[in-house]
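Here the structure is laid out as structure tokens; the discussion comes afterwards.
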Amino acid sequence: MINEVMRQTIDGIVQKLPCRDSAVVPALSYIQKENGYISESDMEDLAIILQFPQSRIFSAASFYSMLKLRPKGKYHIQVCTNVSCSLLETESLIDYISGKLGIGSGESTPDGLFSLESVECLGSCGYAPAMMINTEHYEDLSFEKVDEIFNTIRIKEGN
Ligand code: FES
């Protein structure tokens, strides 16, 4: 839901840009920053504020992978499944992580600790396979390295 303060901030974003079209992605990014993700009602509210059809907001929100339409876990895992990583069997890597966490791509663990997503290139092609957890890059991955990363997180989280 977009509250009055957020609406005023979005109005400010619109005023700084040459046209309302340019404000769609910055406004969606702002909503995500405030709410953690972009809900359907957020998109409906933004369509009213920007005076665009809802379909225009929905299409922009669903196009950019950095915009999240579902709540993310405390640790949001993005596994690259693009060419370089796929050649090094990233598909089995994402299956491995999926099996460890008991969730599929686009899902979160019931405790909200982890969410998993398959994404396009993370810019680490020379060090494939690669993944990110929140803003941290992990490269040259193997099942053993993934186990070490998750063990570190579980120790940090006390479970
Ligand atoms: S293809 Fe995986 S990081 Fe570029």
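Run a plain Debye calculation on region 56-141 (Cα atoms as equal point scatterers, no solvent) and give log10 I(q)/I(0) at q = 0.13, 0.19, 0.23 Å⁻¹, rounded to two decimals, same order as the q list.
Treating every Cα as an identical point scatterer, log10 I(q)/I(0) equals -0.40, -0.83, -1.11.
Using a cut-off of 12 Å between beta-carbons, work out the net charge of the residues near GLU157 (Lys and Arg +1, Asp and Glu -1, GLU157 not included).
Result for the local shell: +2.
Report the charge-dipole magnitude of region 75-157 in Debye, nearest 20, computed about the Cα centre from +1 at each Lys and Arg Cβ and -1 at each Asp and Glu Cβ.
On the way: 4 positive and 14 negative charges, 28 e Å.
The calculation lands at about 140 debye.
Summing Lys, Arg as +1 and Asp, Glu as -1, what charge do residues with Cβ under 12 Å from the Cβ of LEU122 carry, LEU122 excluded?
-4
Rounded to a whole number, what is D in µm²/s for region 37-91 from Stokes-Einstein with the Kirkwood radius over alpha-carbon pairs (37 °C, 0.692 mPa s)?
Taking Rh from Cα pairs, D becomes 248 µm²/s.
Return the inverse of the average 1/r over all pairs of distinct C-alpha atoms in region 4-63, which is the Kirkwood hydrodynamic radius, in Å to one decimal.
Mean inverse Cα-Cα distance, inverted, gives 11.2 Å.
Do any cysteines in the chain lack another Cys Cβ under 4.7 Å, and if so which?
CYS19, CYS121, CYS125
Any idea how many Lys pairs in the chain come in under 21 angstrom at the alpha carbon, given 8 or more places apart or on separate chains?
Final tally of qualifying lysine pairs is 12.
I need the phi-derived Karplus couplings for region 126-131: 6.51 cos²θ - 1.76 cosθ + 1.60, θ = phi - 60°, integer Hz, Gly and Pro marked x.
x, 10, 5, x, 10, 8
Using the charge dipole of the chain (Lys, Arg: +1 at Cβ; Asp, Glu: -1 at Cβ; taken about the Cα centre), state which of ILE94, VAL24, SER39 has its Cα farthest towards the positive end.
Sorting the options by dipole projection puts first VAL24.
Taking a label point 7 Å from the Cα of MET66 along the Cα→Cβ vector, which residues of region 24-48 have an amide N closer than 20 Å to it?
Under cut-off, by backbone N: 24-39, 43.
Given only helices, namely DSSP H runs of n ≥ 4 each adding -39500 (n - 2.57), what is the per-residue ellipticity at 222 nm of the chain, to the nearest 500 deg cm²/dmol?
Counting only the DSSP helices, I get -15000 deg cm²/dmol.
Quick one: Cα centre-to-centre distance for region 46-124 and region 126-146, in angstrom?
15 Å
Go through region 42-47 residue by residue and turn each phi into a ³J(HN,Hα) via Karplus (6.51, -1.76, 1.60, θ = phi - 60°); whole Hz please, and just put x for glycine and proline.
4, 5, 5, 5, 5, 4
Non-local amide H neighbours of CYS121 (under 5 Å, H modeled in plane, Pro and chain starts lacking H): which ones?
Close amide H contacts, sequence-distant or interchain: ASN82.
Percent of Cα-Cα pairs per 10 Å bin, from 0 to the last occupied bin, for the chain, please list those.
Values per bin, smallest distances first: 10, 35, 27, 20, 8, 0.
For LEU116, what residues show an amide H to amide H distance below 5 Å, using hydrogens built from the backbone and excluding near sequence neighbours?
ILE77, GLY106, GLU107
Taking 7 Å along the Cα-to-C-beta vector as the label spot, tell me the LYS74-VAL5 distance in nanometres, rounded to one decimal.
Each label point is offset 7 Å from its Cα along the Cβ direction, giving 2.4 nm.
None of the figures in this text is laboratory data; all of them are computed from the coordinates on show. Bear in mind that the values here come from a model prediction, so they are computed numbers and not experimental data. In this analysis, Cβ positions are derived from the backbone assuming ideal geometry, glycine residues included, and neighbour counts consider all displayed protein chains.
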